Amino acid sequence: MLATRKRPTPLFLALTLFLVAIWYHSRDSDRIYEQWMVSVESRPVKLPANRTLGFGAVVVVSKDGSDRRHPLLQAANVTDFDLTIPQQPVWTEGDVQRFINGQENAQRGSILAWLGHHNALRWFLDSGLETALILEDDVDWDIRLRSVQIPLAASAARQLLPPARAQHPLANYGSNHTQYWGNHDAWDVLYLGHCGDYFDEVNEDGPKTDRQSFNLSSMPHVLYDDPTLPSWLDLHPFTQAIFRLLGMPEGKRVMHRSKFPLCSFGYAVTRPAAERLLNDLAPPKYKKTGARAFDVALLHACNKGEHTPSPTPKWSVPGRVKDQKMRSKYPSPGLRCWTLNSELFHHMPGHSQVDEIGEKSGEQPGIPPVDLAAQAQVVHRNETTNIDCGFWSGAFAFDDGDMDQLHYLQTKVGRQGICLKEGKQHDDVKYPR
């Protein structure tokens, strides 16, 4: 005799309907939130940046006695934001030799710079903060960095990497726990300062163009107007070249997934990214076939993570992480990196400290192709590469202790964005507020 099939009980049916209703509600609320996000971020008035530019801290890699520190602090005072400069240890010869690890092609200047970045990353992790912007001490930026550029760039980041609903900065204005630069779980590195993301290697003739697709529509990105961007002909020649390949309209920046970002002048990191750079992606020890400079190690980490979606869906299977202990902890074998093109931070013209240390050790570093291509333009413009109105020329320096002059520069230059240089007053330009 066949057993009688039991009918679903009313309680089971009610529970099923309840769960289905929750799923539809969650799906609809996510869709409504995304639509609200697009509407909010499309408004011309952007959320202002705080004194740490929307990050937990702005941390500077700078050794004691660096002659770059004083002008850097003055520029930050005029722009009206805070810098944190962690104390660097005095690196010993033993530290350097342990780093070299018996490998060839060691460059002392690059090793000390690498250790300096590690020191800044360790300070960040010890601070308990969620994000940090790491700057090298020879960077320059535009006078409208805090007032115009950062709010525009952060809005682009929030469109690409929507903050968690409970942590959207507009819904929690004034809170210290918002996600001004998008969801911290959705990205690892934001390249806001670099010497170019040209999608491939560069040489004296410019970016290589035969191995990459330059179709922006094939990748996640946000294009936006930025009135502080230099005119097309005042951009670095290689930047002009990549913008032509991408079909970029004049006066626009783009935030996109990193392809081949060069240099580490200004990059933002999350806590997991800092942990991985210290422990497994850029550890303080040369490998036989590994990178010989920190910025190259950072590039390699981004290359390893380029196929991991960002944001990363919960159902996405993590890529192959060599360390078994880390497979469940991190969503990618590398880092999920994003580039702002053109950059907001660029190193000032002249020799870097890496080069200066190398020369003292008998090394001959030479001039990188990117710097070589812009030499004549820098002299002609008297401005740092891809910066419209920066601090390198010393036009906004002030006497220490002269608070009246500082307050004047903060008001006219930093807040109102008036470039008090001959022939460059832009007080007639309407900036988004």
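See the values below:
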| read-out | value |
| --- | --- |
| Charge sum, other residues only, whose C-beta stays under 11 Å from Y286's C-beta, Lys/Arg counted +1 and Asp/Glu -1 | +4 |
| Prolate/oblate/rounded call for region 90-135, Cα gyration tensor, a/c under 1.5 rounded | prolate |
| Net +/- balance of residues flanking C302 in space, Cβ distance below 13 Å, scoring K and R +1, D and E -1 | +1 |
| Region 107-207, Cα convex hull volume normalised per residue, Å³ | 159 |
| Mean Cβ neighbour count within 10 Å, used as a protection proxy, ranking 238-246, 280-288 highest first | 238-246, 280-288 |
| Estimated inter-spin distance, R51 and F398, nm [label 7 Å along Cα→Cβ] | 1.5 |
| Candidates per trypsin sites (Lys or Arg not before Pro) in region 44-133, loop by DSSP, up to 16 other Cβ within 10 Å | R51 |
| Theoretical gain in end-to-end length, Y408 to L372 [0.36 nm per residue, Cα-Cα removed] | 9.3 nm |
| Label zone at E104, where the point sits 7 Å out along the Cα-to-Cβ direction: region 295-312 residues whose backbone N lies under 11 Å | none |
| Accessible area expressed per residue, region 100-168, with surrounding protein chains retained (probe 1.4 Å, Å²) | 30 |
| Listed pairs K46/K424; K259/K304; K208/K259 exceeding 21 Å between Cα atoms | K46/K424 |
| Mean projected area in nm² (Cα convex hull; one quarter of hull surface) for region 190-263 | 5.0 |
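The values are calculated or read from the model by the stated rules, or taken from the named source; none is laboratory data. A quick note: this is a predicted structure, and the numbers were derived from the prediction, not measured. Because the Cβ atoms are built from the backbone with ideal geometry, glycine has one as well, and the counts that use them run over all protein chains shown. The accessibility values were calculated without ligands, DNA or RNA, using every heavy atom of the protein model including side chains. Shrake-Rupley method; radii C 1.70, N 1.55, O 1.52, S 1.80 Å.
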